[in-house]
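Quick notes on the structure that follows.
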Amino acid sequence: MKTSRNINPKTVMAPLAAFTMAWVLFAYTRHSIQAAKMNAKLTREQNQQQHQQQQHHQQDREYRDRRHSEK
């Protein structure tokens with residue numbers, strides 16, 4: 001039995017729209033995940049730098065306090 005498919009703008013538009021929406025959703029999701037990972041990495045690096053600076057300043061204060069108390 002032969003099934004005839006009538007290809008016209010009405011039969012093509014719905015699948016094309018569905019495919020386009022799926023592709024846009026996929027691209028948006030990938031981009032959002034990558035942006036979130038990058039943001040987390042930058043935040044983590046900034047926090048590490050701040051922590052290292054705080055440790056350095058604390059060590060400097062302790063060193064100055066020891067030198068001052070020795071005098």
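So the values come out like this:
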| item | result |
| --- | --- |
| Selection from region 1-27 of residues that are assigned to a helix (DSSP H, G or I), at pLDDT 85 or above and exposed (fewer than 10 other Cβ atoms within 10 Å of the Cβ) | Pro9, Ala14, Pro15 |
| Qualifying residue in region 29-42 (condition: of a type in the set (Ser, Thr, Tyr) and part of a loop (DSSP other than H, G, I, E, B)) | no |
| Residue within region 62-71 that is loosely packed, with under 10 Cβ neighbours inside 10 Å, part of a helix (DSSP H, G or I) and among the acidic types (Asp, Glu) present | yes |
| Residue list for region 11-62, filter: under 16 Å from the mean Cα position of the chain (by Cα) and of a type in the set (S, T, N, Q) | Thr29, Ser32, Gln34, Asn39, Thr43, Gln46 |
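The values are calculated or read from the model by the stated rules, or taken from the named source; none is laboratory data. Values in this document were obtained by computation on a predicted structure and should not be read as measured data. Reconstructed Cβ throughout: ideal geometry from the backbone, glycine too, with neighbour counts over all protein chains shown.
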